[in-house]
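Working notes, beginning with the structure itself.
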Amino acid sequence: MNGLQYTRITIFHVLWFVAVVADTALGLWIGFRYFSTTGVIAGGIIGLAIGHIVGCLPDWISTRLFFRHIMRCSKEELRAMVAADDWKFGHTMALLRLGALGEEVRQEIPRIVDMLESDSQLIRIYGWDALRIVFTEESSAVSKKVL
């Protein structure tokens, strides 16, 4: 399963890139304008660091809000999330939260196995994530058979 890696560029990647480039350019400009050659180097490094921090904030904030939402959902809301079509990472987290709340989640194993057999690489990745995050014992058994 190690060969399955899905990469996509999200708005968070774009925001990070824009913040890094803009703040680095601003740091270079300020450094050159006020402090000459040494200032260019220092300004570029400081601008890069500030751009990285500012660029990471939207992703960090959205991740915190997502997990806060999962933690505050009722069992019924979590069940509705898991039952929804088009499985995403949020479904896996809702299923994990239901399990943590002591709810029976084993009835979702057939759905996850179906995902593992899908023609779509992305669906297989989501299925594998659900299996290894929520059903760790079953995941270990599958890994031993695959490897």
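Rule-based calculations on the coordinates, nothing more; no lab input. Note that this is a predicted model, so its numbers are computed, not measured.
Here are a few things to note about the model shown:
- The chain: angle of helix 89-100 to the longest principal axis, Cα-based, in degrees nearest 10: 60
- The convex hull drawn around the Cα atoms of the chain, when projected onto a plane and averaged over every direction, covers 11.8 nm².
- Cα-Cα separations in the stretch 74-146 greater than 18 Å, expressed as whole percent: 32
- Nearest-ten-degree value, helix 136-146 long axis tilted from longest Cα axis of the chain: 90
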